[in-house]
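Below is one structure, written out as structure tokens; the observations come after it.
The values are calculated or read from the model by the stated rules, or taken from the named source; none is laboratory data. What you are looking at is a predicted structure, and each value in this text was computed from that prediction instead of being measured. Here Cβ is always computed from backbone atoms with ideal geometry, including for glycine, and neighbour counts include all displayed protein chains. The accessibility values were calculated without ligands, DNA or RNA, using every heavy atom of the protein model including side chains. Shrake-Rupley method; radii C 1.70, N 1.55, O 1.52, S 1.80 Å.
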Amino acid sequence: MGWAGRRRIVAAVAAVGVAATVGVIAYRVLAPAEVSTPARGDYPARSVAPPGVTGRLPVAPLIVDGRLRVYAAPRQVYADQPVDGRSRRTPYWSFRRWPASLDAVVTSGTTVLTRWSDGQLVALDARTGRVAWRADGPEPAAERATRRTGTAVVWRPGGLAVSRTTDGRHVVVSSGDGEVSAVDLADGGQLWRAAVGSGCREPVGSGSGGRLLTVDDCDGPAVVEFRDAATGVVTARWRPPDAGGELTATLLGCEPDGVGCAALRTAGPGDASAQGWLLGSAEPVQAPVLDGSDTELVDGTAVSLADGVLVGRAVPGGAERWRAEVGPGRVIAVQPGRVHVLTEANELVTLDPTTGARLSGFVLDIGSDGVGWAPGDAYAADGYVVVERLRRPVDPDADDQRYYLTPEALIVAAT
């Protein structure tokens, strides 16, 4: 063989080698993958901080067990600690999937439940970050729209909820395009699947009495559909008297993690016809004390703010239990044992929902940020409150840099 022939063979072999190398690189880059980085240290102790601002964060946290902050990224869920850390820390643990994107995160006890764009549910042990179980579920009906802070994924996780059956079991319910399914929280075992109308059912969440609630407008005027959490069987379809063609529903009085909500508020367009209803095992019972669109239910008390006065009323009767002067503002969040009011001066005032006693009060300010901001989404758990800070005047169509006050747009406070 001549020199030219040998050159052609060498060139061919080199080309094959390059192609193989490129193929390996492409596979490593493009192939589905998971990266789990479990915790290396001991599970931290609960943080007990005195009332006041504790820090600021660039993304929205879920507070788990009073010990960890759990965050969502486009393709990752991760945790840091301590809860009262002044800023975001190096991850305590991390779990990443590719190419699926993270759609929703909820927590129950020390379990972090994640739902991904391919419908897969992955449960993580918050104490270690290790995968506890995984299960298949329906794919989300649409890609979730979310801003930089990720509040839509962790604080408003549509399509994923934890419910409790009448015998006390906890189940994880996921809904998507044309299907709703449930798995056991303990091990991810499949409990039931049900086909539903596509694009015409809006999941509401978990009510009391072991029932799931959905607004159904697939055929005719919208109704609230009740489904048994243990079996998936539709047990009732209910419509408020004199309701119009459109209907929205909001759950009230939920336990931590959104389980066992005690009441429901229904409304038509613009909240003009808002009505409160107590939930049980039978048909909802009207509770006018919950009619106000800004009224919250916590620890069996309806709380509402008007003309700078916060009033607590008994549920269901409506008898006044207490009133407290807090100044103009709004109730931004509630949690067991606490009602949180943010005043127009961005002072956070926390009261006991049973007695109306003032538990703490301080201005939400840190560093040189000031208080010239508007509140966005808010979240409360384990005695802490987190509030999004938006740039005034608020422009919902602005990009993130203009929309938020600072890169660390979330302010965290212990109450």
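Values computed for the structure shown
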quantity	calculated
Alpha carbon centroid spacing (whole Å) that separates the stretch 330-349 from the stretch 203-276	26
Solvent accessible area, Å² - ARG321, 1.4 Å probe, full protein context	120
The chain: relative contact order in percent, alpha carbon pairs under 8 Å with at least 6 residues between	11
Tilt relative to the chain, helix 3-30 - C-alpha long axis, 0 to 90 degrees, to 10	10
Residue order for VAL48, VAL363 - accessible surface, 1.4 angstrom probe, largest first	VAL48, VAL363
Entry for volume of the Cα convex hull per residue in Å³ (calculated from the structure that is shown) out of (1) 133; (2) 199; (3) 179	(2)
In Å², nearest 10: area of GLU408 left accessible to a 1.4 Å probe	60
Computed accessible area, GLU34, all protein chains, 1.4 angstrom probe, square angstrom	80
Solvent-accessible surface ranking, highest first, for ARG56, ARG46 at 1.4 angstrom	ARG46, ARG56
Residues of the stretch 161-184 with amide N under 18 Å of the 7 Å Cα→Cβ point at ASP219	178-180
